[in-house]
Amino acid sequence: MLTLIDAGRPVQVAARIDGERVAIPAADVERALGWTLTPEGLCGAGMCIPLPEGTSVGSDEIELAALAQVLDRPLAVDSKAGAAYLGGATGERRRTLRSLHAPDFTLPDLEGRLHSLSEHRGKKVLLVAYASW
C-alpha cells in the first residue's frame, strides 16, 4: 500500500514499488485523483489528456511519475515510507506567484496567541523561518 497525498488529502492506494518507480492500478487513479482511463486518454475535470507514454488503455496500472509529468504536477516519493505527494499544477503555482499574494496561514507566537497573515494585509511584513535540519 502507498499513501498518496493530493491537495492535502491522503488516500491509500495499492502500488507496485520498485526502487523509486511506483505504479498504481488505473482504478486507484480514478478513486484517488478523479482521472478515468479512456481510449482518449486520462479524462477528468471536463478534459482529456494523452496517456503517459508506454501506457495503453488495456493497461491495468499507471506509473505515478509519468502521470505527474502529464498532469504537469511535481511529485515527491518516499518509497521506504510508502508515501507520495502530488503537488499543485505548474500553471496554478505560476498564477499564485504572479499575484504576489502569499497564502494565508495562522501560527502561534511564543505566548501561544494565534496570528494570521491576513491580519496584516496592506502592511509590510517580515517573515523569518528557521529549520534546524
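The values are calculated or read from the model by the stated rules, or taken from the named source; none is laboratory data. This one's a predicted model, so the numbers in the text were calculated from it and none came from an experiment. Virtual Cβ from ideal backbone geometry, glycine too; neighbours counted across all protein chains shown.
Tell me which of these Ala14 doesn't satisfy, since it passes every other one: (1) on the phi > 0 side of the Ramachandran plot; (2) touching a helix residue (DSSP H, G or I) at 6+ places or on another chain (Cβ under 8 Å). Only one criterion in (1) on the phi > 0 side of the Ramachandran plot; (2) touching a helix residue (DSSP H, G or I) at 6+ places or on another chain (Cβ under 8 Å) is unmet by Ala14, namely (1).
Of the residues making up segment 9-44, those that are among the polar types (S, T, N, Q) and under 15 Å from Leu71 (Cα atoms) number 1.
On the basis of being in contact with a Pro (Cβ under 6 Å, 6 or more places away or on another chain), surrounded by 10 or more Cβ atoms within 10 Å (Cβ to Cβ) and either within 26 Å of Thr3 (Cβ to Cβ) or touching a residue at least 24 places away in the same chain (Cβ under 8 Å) (or both), does Glu61 make the cut? Answer is yes for this residue.
Residues that are of a type outside the set (Val, Ile, Thr) and closer than 30 Å to Ala15 by Cα within segment 83-133 comprise Ala83, Ala84, Tyr85, Leu86, Gly87, Gly88, Ala89, Gly91, Glu92, Arg93, listed in sequence order. Out of all the residues in segment 118-131, is one or more part of a strand (DSSP E or B) and loosely packed, with under 15 Cβ neighbours inside 10 Å? Looking through segment 118-131, none of the residues is part of a strand (DSSP E or B) and loosely packed, with under 15 Cβ neighbours inside 10 Å.
Taken over segment 18-54, the residue count meeting the criterion of being touching a Lys or Arg at 6+ places or on another chain (Cβ under 9 Å) and either closer than 14 Å to Ala81 by Cα or among the hydroxyl-bearing types (Ser, Thr, Tyr) (or both) is 1.
Can you tell me which of Gly34, Gly19, Gly46, Gly8 is in contact (Cβ under 8 Å) with a residue 24 or more places away in the chain, small (Gly, Ala, Ser) and exposed (fewer than 15 other Cβ atoms within 10 Å of the Cβ)? Lay out the reasoning, then the answer.
Working: Gly34 fails: in contact (Cβ under 8 Å) with a residue 24 or more places away in the chain; Gly46 fails: in contact (Cβ under 8 Å) with a residue 24 or more places away in the chain; Gly8 fails: in contact (Cβ under 8 Å) with a residue 24 or more places away in the chain.
Answer to the selection: Gly19.
Considering segment 19-103, the qualifying helices (runs of 4 or more DSSP H), each wholly inside and each with 2 or more residues that are more than 14 Å from the chain's Cα centre (by Cα) and either at pLDDT below 85 or of a type in the set (A, V, I, L, M, F, W, C) (or both), run over 26-33, 90-99.
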